[in-house]
Amino acid sequence: MTRLLALLACLLLAPPAFAAGDAAEAGLARLIGAYQGVERLTADFTQETTYAGFSTARAFGGRLELVRPDRMRWDYRNGSDQQIYVAGREVTVYAPAQQQAIVSTLSHASDQQIPLHLLADVTGIPKTYHVAAGTDPGELVLTPLADDPRAPTAVHLWLHPETGLIRRVRLLLPGGSRSDIAFTNVDTGAAINDARFRFAAPKGVHVARPEAIFPKR
């Protein structure tokens with residue numbers, strides 16, 4: 001009898017096992033619903049990256065333009081002059097100061113490209129990540145389903161309390177590095193010229209395609 005009472009007490013005091021799962025499911029549904037019908041989006045962004053072994057973080061900022069599902073442009077204006085173009089599966093990173101552009105294929109494992117995937121296709125999140133509720137309101141914690149040493153160990157998303165759109169992304173990287181990206185002045189009704197997503201190399205710029213040199217096996 002004593003054991004039975006103790007067991008009942010534990011069951012009454014323990015939180016429901018499905019509570020966190022329900023919160024995660026509701027958060028994911030809210031996120032997917034928020035982007036449903038959104039075709040074009042612009043936003044300002046700030047990015048702060050802390051590298052393992054260094055106490056000082058690097059800060060960046062710029063402008064994002066997105067036409068879902070497969071076109072995106074990031075223009076860095078503070079801390080870097082890089083421009084990132086995404087057209088379908090092709091990603092071009094252009095560094096004007098170095099007069100160089102690197103063309104590669106969009107990869108789920110690349111930490112630099114995780115935000116591209118998340119913003120372009122939120123419906124694909126359950127196929128790639130386990131989703132759990134975070135400790136903050138509107139926070140979702142994504143952990144990769146596949147065991148890939150190149151992938152972040154976790155991705156944290158914070159949703160806007162009113163719109164449900166992603167307002168902040170945190171990437172926890174192997175080795176202890178961390179990158180935080182925050183979005184402000186989000187506009188889902190902006191007119192964007194499609195030519196903005198096509199990279200045309202200026203004269204004198206070297207265009208490199210690493211995958212052509214080191215093809216995938």
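The values are calculated or read from the model by the stated rules, or taken from the named source; none is laboratory data. Just so you know, these numbers come straight off a predicted model, no measurement behind them. Cβ placement follows ideal geometry from the backbone for every residue including glycine, while neighbour counts extend to all protein chains displayed.
Figures for the structure shown
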read-out	value
Some residue of the range 78-96 being more than 24 Å from PRO152 (Cα to Cα) and in contact with a Lys or Arg (Cβ under 8 Å, 6 or more places away or on another chain)	no
Subset of the range 139-152 [crowded, with 19+ Cβ neighbours inside 10 Å and assigned to a loop (DSSP other than H, G, I, E, B)]	ALA151, PRO152
Options VAL103, VAL131, VAL155, VAL91; residue that is farther than 27 Å from ALA23 by Cα, in a strand (DSSP E or B) and in contact (Cβ under 8 Å) with a residue 40 or more places away in the chain	VAL103
Selection status of ALA120, in contact (Cβ under 8 Å) with a residue 12 or more places away in the chain and touching a strand residue (DSSP E or B) at 6+ places or on another chain (Cβ under 6 Å)	no
Residues satisfying the stated conditions in the range 86-105, i.e. touching a Leu at 6+ places or on another chain (Cβ under 6 Å) and among the β-branched types (Val, Ile, Thr)	VAL86, VAL91
Options GLY61, GLY53, GLY21, GLY37: the member that is surrounded by 12 or more Cβ atoms within 10 Å (Cβ to Cβ) and at pLDDT below 90	GLY21
Residue within the range 123-138 that is at pLDDT 90 or above, in contact with a Lys or Arg (Cβ under 6 Å, 6 or more places away or on another chain) and surrounded by 18 or more Cβ atoms within 10 Å (Cβ to Cβ) present	no
Failed item in (1) part of a strand (DSSP E or B); (2) more than 17 Å from LEU171 (Cβ to Cβ), with ILE84 passing the rest	(2)
Residue in the range 49-58 that is of a type outside the set (Asp, Glu), in contact (Cβ under 8 Å) with a residue 60 or more places away in the chain and more than 17 Å from SER177 (Cα to Cα) present	no
